[in-house]
Ligand code: NDP
């Protein structure tokens, strides 16, 4: 079979952003609340700067207030914690996102734990991690949320599917497993110590790769007819004549598309979903802070 369905993350992200914009308008109209997202960027990491600029633009395009605090790379942990404490108290701020990674003099865990769980739109605070795990609400991390939305564009009901996630990070693999359990999948989490990984991935009806290794998942690791969600973003070495190397995922796309029934491309798959889900989390945070139920 050639020609798995290509899952268009850009298009799905646009739909999510459209729904968010409608919810923002409704919150303003019915409750006089304008959701506000504040991003804190410490230092000059170029990738973070691009990402943060995109977040601000899309936040404003959805009708929300976007604010940004740019702090110098030598900022102390105490100063960052003081800023987070101020933002926790600021009623115009509904979402706080401290862009990771942080410079090495700052303990990321301490900063994440200082953010009010109600405003933790990245979903990294232990209270949110626990709530998502126990099914007691909570804010789920954006990239895993995006993966589930994309999988459901192919199969709206994931119940009973054999899902294999490669990668067990706190920001992708583990929370993704929780979200897929909630969708009634049978979930396996594989990692660098997994024995005979291709054997494990070939069991998957839904295969999700979040490894950070260019094209590691080969076509013959994929079960025929599977849905493949590729979270990886890896830049290859530039080839002669290229200024920058190509971006590829953790899945060998051309091989896998011959076997899978649906697959996300890189770029244009999971990537665009992350910011869209961040905006959705911010609207839901603004709703919860104002005593309203989250929207789907
Ligand atoms: P981490 O480096 O934190 O985790 C990688 C995971 O992959 C680890 O659990 C590791 O296992 C596992 N792993 C590494 N090598 C192998 C191997 N050879 N075989 C099996 N498992 C392996 O990465 P992240 O979760 O942060 O990110 C994963 C990828 O997703 C990256 O490419 C990143 O750029 C991308 N990403 C994309 C986002 C987006 O689209 N918006 C957002 C976040 C990430 P172990 O635990 O045993 O070391």
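Whether any residue in the range 27-50 is under 22 Å from residue 109 (Cβ atoms) and surrounded by fewer than 14 Cβ atoms within 10 Å (Cβ to Cβ) is what I want to check.
Within the range 27-50, one or more residues are under 22 Å from residue 109 (Cβ atoms) and surrounded by fewer than 14 Cβ atoms within 10 Å (Cβ to Cβ).
Provide a single number: the residues in the range 188-233 that are part of a strand (DSSP E or B) and under 13 Å from residue 167 (Cβ atoms).
9
Among the residues of the range 118-136, write down those that are over 15 Å from the mean Cα position of the chain (by Cα) and without any contact (Cβ under 8 Å) to a residue 40 or more places away in the chain.
126, 127, 130, 131, 134, 136
Quick one: is residue 211 touching a residue at least 40 places away in the same chain (Cβ under 8 Å), under 21 Å from the mean Cα position of the chain (by Cα) and within 12 Å of the ligand (Cβ to nearest atom)?
yes
Let's see how each residue does on (1) within 16 Å of the ligand (Cβ to nearest atom); (2) farther than 20 Å from residue 69 by Cβ; (3) surrounded by fewer than 14 Cβ atoms within 10 Å (Cβ to Cβ):
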{"residue": "93", "(1), (2), (3)": "no, no, no"}
{"residue": "96", "(1), (2), (3)": "no, no, no"}
{"residue": "99", "(1), (2), (3)": "yes, no, no"}
{"residue": "119", "(1), (2), (3)": "no, no, no"}
{"residue": "137", "(1), (2), (3)": "no, yes, yes"}
{"residue": "141", "(1), (2), (3)": "yes, yes, no"}
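Which of the residues belonging to the range 36-47 are in contact (Cβ under 8 Å) with a residue 40 or more places away in the chain and out of contact with any strand residue (DSSP E or B) (no Cβ under 6 Å at 6 or more places or on another chain)?
43, 45
I need a count of the residues in the range 1-40 that are within 24 Å of residue 149 (Cα to Cα) and assigned to a helix (DSSP H, G or I).
Within the range 1-40, residues that are within 24 Å of residue 149 (Cα to Cα) and assigned to a helix (DSSP H, G or I) number 19.
Wholly within the range 67-177, which helices (runs of 4 or more DSSP H) include no fewer than the required count, namely at least 2 residues that are touching a helix residue (DSSP H, G or I) at 6+ places or on another chain (Cβ under 9 Å) and not assigned by TED's automatic domain parsing to the domain that holds residue 46?
Output list reads 126-134, 142-154.
If you go through the range 245-295 one residue at a time, how many are farther than 22 Å from residue 232 by Cβ and in a helix (DSSP H, G or I)?
11
Provide a single number: the residues in the range 144-171 that are near the ligand (Cβ under 9 Å from one of its atoms), surrounded by fewer than 24 Cβ atoms within 10 Å (Cβ to Cβ) and on the phi < 0 side of the Ramachandran plot.
Summing the residues that are near the ligand (Cβ under 9 Å from one of its atoms), surrounded by fewer than 24 Cβ atoms within 10 Å (Cβ to Cβ) and on the phi < 0 side of the Ramachandran plot in the range 144-171 gives 4.
If residue 76 passes every condition in (1) under 17 Å from residue 172 (Cα atoms); (2) touching a residue at least 12 places away in the same chain (Cβ under 8 Å) but one, which one does it miss?
So the condition that residue 76 fails would be (1).
The values are calculated or read from the model by the stated rules, or taken from the named source; none is laboratory data. All values derive from a computational prediction rather than experimental measurement. So basically every Cβ, Gly included, is an ideal-geometry build from the backbone, and we count neighbours across all protein chains shown.
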